[in-house]
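Trainee: Structure in structure tokens, see below.
The values are calculated or read from the model by the stated rules, or taken from the named source; none is laboratory data. Bear in mind the structure is a predicted one, so any value in this text is a computation, not a measurement. Using ideal geometry, Cβ is built from the backbone for each residue, glycine included, and neighbour counts are taken over all protein chains shown. The protein model used for the area step is the full one, side chains on, heavy atoms only, and it has no ligands, DNA or RNA in it. Shrake-Rupley method; radii C 1.70, N 1.55, O 1.52, S 1.80 Å.
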Amino acid sequence: MKDHLLNYQNNRLYLKIMRVPKYSKTSPYYGIPRREFIKYMAMVSAIPYAPKFLEGKVNSTPKFSSYPFSLGVASGDPEPDGTVIWTRLAPDPLGLSGLDPEPIVVSWEVSNDEAFTKVVKKGKTLATPQLGHSVHVELKGLDPHRWYFFRFHSGAETSPVGRTRTAPAINDMPEKMKFAFTSCQHLESGFFNGYPHMQKEDLDLVIHLGDYIYEYAGIDKRVRKHIGKEIESLDEYRQRYSQYRLDEDLQETHRLFPWLVTWDDHEFDNNYANLVSEQEGISPESFLARRMNAYQAYYEFMPLRKRSFPQGPDMKLYRKCRYGRLANFFVLDTRQYRTDQPNGDRQKPMIGKVFDPNATMLGREQENWLMSGMLQSGATWNVLAQQVMMAALNRGDEKGERYSMDQWPGYEISRRRLLRFFYERKIPNPVVLTGDIHLNWVNNLQLDFKDPKSPLVGTEWVGTSMSSAGNGGNFIPEYERAAKQNDFVKWYNSNRGYVSCELTKDDWKTFFRATPYVTKKGSPIETKAVFMIEEGKPGAKLVTKA
Ligand SMILES: [Fe+2]
């Protein structure tokens, strides 16, 4: 059995895995206990680090058929002493990379200046075929809280110059910090018109809350078209990421700022929960095989550290990013460890299985990590960078209350446990960043959302999509009603765009930026509303509204 499974040849290895059909009697996985299967997947995924693969095969003088840095450069996961810098060799980014399956030498440089007259670090690394010739270099020994420039060389070619910024020293209190967050960039629904405006802001960081790609098949007569069918194989996921990353506005925003990324569902499969597909009849085994492909491609294309390296169908994406004593970002993964939506994944009243005490959004390990991290944080602002809405938004009508079962209220005991934790342990200034639903919401998080007098324990900014759902700005009766009937909602808006946030030790200001259209390129930007939070006083206060 193992021989069959390990019938690999360089990067063709994964093709063998992903072609495995559903868990039927004809599947090569049939009869393998789940635990063995997962162990096997972990073993396969560790292969890119096996040194024997590199023996005698390194190409240090590659000749490329065309420019290999077509997908640009990126950086991310800032620490006080460095960031991770990223590129990927791809002379034929939409084909199967256009490279021989051999490791290729890539050198890198980091400089204080854009002209590279003051190079402070340099080194060499390998772009391996097992990782699609992607390159992730974790920089160390840089100074805290400053800008650096970086670039890569391979053969006779040089990458574009990227810009990155380290985080402040752990005990430093920076005067201010500015970041933008976004999510949900469906390529077929529109252009990423927010990014050119984001590029002009004076940001330390960009946060992406997921739905970086969509997995669906290409559909005609849309603004742009996905290549191919719904993606399942590693090469299909890779091609989809390449198609997205070739968007010049997206690529340029990666070049200019360090990013802190997390995924939602569409990086793999719509509304999935852990091992459970939204479609019925998909075995956990074949679902896991697909998840392995999805997670690996995500790692390959994102500026992530080795701590997030995928282990088969598992990948630890939750992590912290600290900006001195000013802010601590807890980047969450609400998909990989959640129990299946206890009450299905549609809208339902908050009854029955919603109160299942074993239902979890984060999984026990991540929840423990989050809570102990928040207790020890020592930062003024404790930020949850996560996916789905935390406020219990009643979208119902005269026929009765309705809540989204895919969001935190579908896991109500989990949600209450976290809010109670904020309250009882007096966590300083919890702020929740949310994506997923292609709308802007400003929500006050209350201990008991049904009691208007219940204490405020945090604030939630829900950011709209970059392009998903098209132009936006339309009147949506269900949400207009929801905004009115839920007292904790301070504002609602249906435009496309992104959100930028400016933090000092005294207050937090949030700017909701809107692009009036995405079906044509080059939209202007409008600030639809500005809200703030005063330090020590949870809840959003309106500053201005358009
Ligand atoms: Fe989305």
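Trainee: With everything on Cα atoms, drop me the angle between helix 34-45 and the longest principal axis of the chain, reported from 0 to 90° to the nearest 10.
Mentor: The angle comes out at about 60 degrees.
Trainee: Order Arg364, Arg335, Arg151, Arg325, most accessible first, counting only protein heavy atoms with a 1.4 angstrom probe.
Mentor: Values: Arg364 190, Arg335 0, Arg151 55, Arg325 100 Å².
Largest accessible area first, the residues go Arg364, Arg325, Arg151, Arg335.
Trainee: Accessible area of the chain with a 1.4 Å probe: how many percent of it is carbon plus sulfur?
Mentor: Working: 10460 of 20940 Å².
Summing carbon and sulfur atoms, their accessible area is 50 percent of the total for the chain.
Trainee: Suppose we look only past 33 Å in the calculated P(r) of the chain. What percent of the Cα-Cα pairs does that tail hold?
Mentor: 40
Trainee: Within the range 360-404, which chymotrypsin sites (Phe, Trp or Tyr not before Pro) sit in a loop by DSSP and count at most 14 neighbouring Cβ atoms inside 10 Å?
Mentor: Details: sites: Trp369, Trp381, Tyr403; in loops: none.
In loop regions of the range 360-404 (DSSP not H, G, I, E or B), there are no sparsely surrounded chymotrypsin sites (Phe, Trp or Tyr not before Pro).
Trainee: What does the charge count around Gln251 come to, taking other residues whose C-beta lies under 12 Å from its C-beta (Lys +1, Arg +1, Asp -1, Glu -1)? Present the calculation step by step, with values, prior to reporting the outcome.
Mentor: On the way: positive: Arg88, Arg245, Arg255; negative: Asp247, Glu248, Asp249, Glu252.
Cβ neighbours under 12 Å give a net charge of -1.
Trainee: Here is a follow-up. Setting aside same-chain residues fewer than 8 positions from Lys200, which aspartates and glutamates have a Cα under 17 Å from its Cα?
Mentor: Glu248, Asp249, Glu252, Glu502, Glu526
Trainee: Moving on. What distance in nm lies between label points placed 7 Å from Cα along the C-beta direction at Lys426 and Glu398?
Mentor: 4.9
Trainee: Which listed residue (Val354, Thr519, Ala289) has the Cα farthest towards the positive end of the charge dipole for the chain, taking +1 on Lys and Arg C-beta and -1 on Asp and Glu C-beta about the Cα centre?
Mentor: So the residue we want is Ala289.
Trainee: Say the cut-off is 27 Å between C-alpha atoms; which of Lys399/Lys545; Lys320/Lys426; Lys124/Lys306; Lys118/Lys316 go over it? Display every interim value, and only then the final one.
Mentor: Numbers: Lys399/Lys545 33 Å; Lys320/Lys426 20 Å; Lys124/Lys306 17 Å; Lys118/Lys316 36 Å.
Where the Cα-Cα span goes over 27 Å, the pairs concerned are Lys399/Lys545; Lys118/Lys316.
Trainee: If you take every DSSP beta bridge fully contained in the chain, what fraction is antiparallel? Give it as a percent rounded to 5. Don't skip to the end; give the middle numbers.
Mentor: Working: 77 of 101 bridges.
Taking every DSSP beta bridge with both residues in the chain, the antiparallel ones total about 75 percent.
Trainee: Give me the dipole magnitude in Debye, nearest 20, for the chain about the Cα centre, with unit charges on the beta carbon: positive for Lys and Arg, negative for Asp and Glu.
Mentor: 420
Trainee: Divide by every residue of the chain the summed helix terms, -39500 (n - 2.57) for each DSSP H run of at least 4, and state the resulting mean residue ellipticity at 222 nm, rounded to the nearest 500 deg cm²/dmol. Walk me through the numbers before you get to the answer.
Mentor: Values: 10 runs with 101 residues, N = 546.
Taking each H run of at least 4 residues, the total per residue is -5500 deg cm²/dmol.
Trainee: Round to a whole angstrom and tell me the spacing of the C-alpha centers of the range 417-446 and the range 225-253.
Mentor: Taking the Cα centre of each part, the range 417-446 and the range 225-253 sit 32 Å apart.
Trainee: Net charge around Gly162, counting only other residues with Cβ within less than 9 Å of its Cβ (Lys, Arg = +1; Asp, Glu = -1)? Show your work: numbers first, answer last.
Mentor: Details: positive: Arg151, Arg163, Arg255; negative: none.
Around Gly162, the charge tally is +3.
Trainee: Could I ask something else about it? Could you give the distance between the Cα centres of the range 266-323 and the range 490-546, to the whole Å?
Mentor: Here the answer is 30 Å between Cα centres.
Trainee: Report the charge-dipole magnitude of the range 230-277 in Debye, nearest 20, computed about the Cα centre from +1 at each Lys and Arg Cβ and -1 at each Asp and Glu Cβ.
Mentor: With only Lys, Arg, Asp and Glu charged at Cβ, the dipole is about 220 debye.
Trainee: Give the lysines whose C-alpha is closer than 27 Å to that of Lys229, dropping any in the same chain fewer than 8 places away, or say none.
Mentor: Lys16, Lys22, Lys25, Lys221, Lys520, Lys521
Trainee: Still on this model: Keeping all protein chains in place, calculate the accessible area per residue for the chain (probe 1.4 angstrom), answer in Å².
Mentor: With all protein chains present, the chain gives 38 Å² per residue.
Trainee: When all protein chains stay in place, what accessible area (Å², nearest 10, 1.4 Å probe) is found for Lys520?
Mentor: The value for Lys520 is about 130 Å².
Trainee: Can you give the FRET efficiency for Val58 and Asp506, using 1/(1 + (r/R0)^6), R0 = 56 Å, r = Cβ-Cβ distance, to the nearest 0.05?
Mentor: So the FRET efficiency works out to roughly 0.55.
Trainee: Tell me, what is the 1.4 Å probe accessible area of Phe309, in Å² to the nearest 10?
Mentor: Counting only protein heavy atoms, the figure is 10 Å².
Trainee: Only four residue types carry charge here, +1 at the Cβ of Lys and Arg and -1 at the Cβ of Asp and Glu. Report the dipole size of the range 180-285 about the Cα centre in Debye, rounded to the nearest 20.
Mentor: That gives the range 180-285 a dipole magnitude of about 460 debye.
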